[in-house]
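Below you'll find the structure, written out as structure tokens, and then a few comments.
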Amino acid sequence: MNNLLNVPLIRQTRRNHALEHATIHLLSARFPGRPLAGHSNPTGFFVIGEIPTEHVRQAVTEALSRLQNGERGLAIHPGCGTNYAVSGGLAAVLAFFTMSGTRTDRERWERLPILAILAAIAFILGQRLGPALQNGITTEPEPGELTIIDIYPLSKNIHRVVTRC
């Protein structure tokens, strides 16, 4: 698995994902309550939310510096899609196994309470497994040679951060 995670395009995306999370952490602290999101790829990431460009620049620069100085925790974010994907995936698998073998609507309705309990368990497990997957798979908190190339607004609510690894 380690070799796959270090394929250049994947490693670049993971590093950008960590920088995206660190940036969102810093912006969230500066703009509490403001809805923010991000999306990473091998060439950088997007910051989605109504934030002035200069604040995005400052946050990205500070986030990279803090990651370079070993603040690995900034790479993990509770609002990451990884957390939602894990919870949803677990719930789907548990739902499949709970409902498999049912032949009638009555059997399905009878299993519904079990399904609700298992979905809650999937959510609880997802809250723990999601950050673990972020830490080991979907982000790389060690930025290596990651550098910021450009930061510019695409619209009032979207900024593009271009990087090079």
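The table below gives the values:
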| quantity | calculated |
| --- | --- |
| Options GLY144, GLY101: the member that is in contact (Cβ under 8 Å) with a residue 12 or more places away in the chain, in a loop (DSSP other than H, G, I, E, B) and loosely packed, with under 13 Cβ neighbours inside 10 Å | GLY144 |
| Number of positions in segment 104-141 that are assigned to a helix (DSSP H, G or I) and in contact (Cβ under 8 Å) with a residue 40 or more places away in the chain | 10 |
| Positions within segment 71-94 being of a type in the set (Val, Ile, Thr) and in contact (Cβ under 8 Å) with a residue 40 or more places away in the chain, in sequence order | ILE76, THR82, VAL86 |
| Filtered residues of segment 1-43 (kept if in contact (Cβ under 8 Å) with a residue 40 or more places away in the chain and hydroxyl-bearing (Ser, Thr, Tyr)) | THR23, THR43 |
| Any hit, segment 24-38, residues being part of a helix (DSSP H, G or I), among the hydroxyl-bearing types (Ser, Thr, Tyr) and more than 14 Å from GLU140 (Cα to Cα) | yes |
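Since every read-out is calculated from the coordinates, none of them should be taken as a lab result. All values reported here derive from a predicted model rather than from experimental measurement. Every residue, glycine among them, receives a Cβ derived from its backbone with ideal geometry; neighbour counts consider all protein chains shown.
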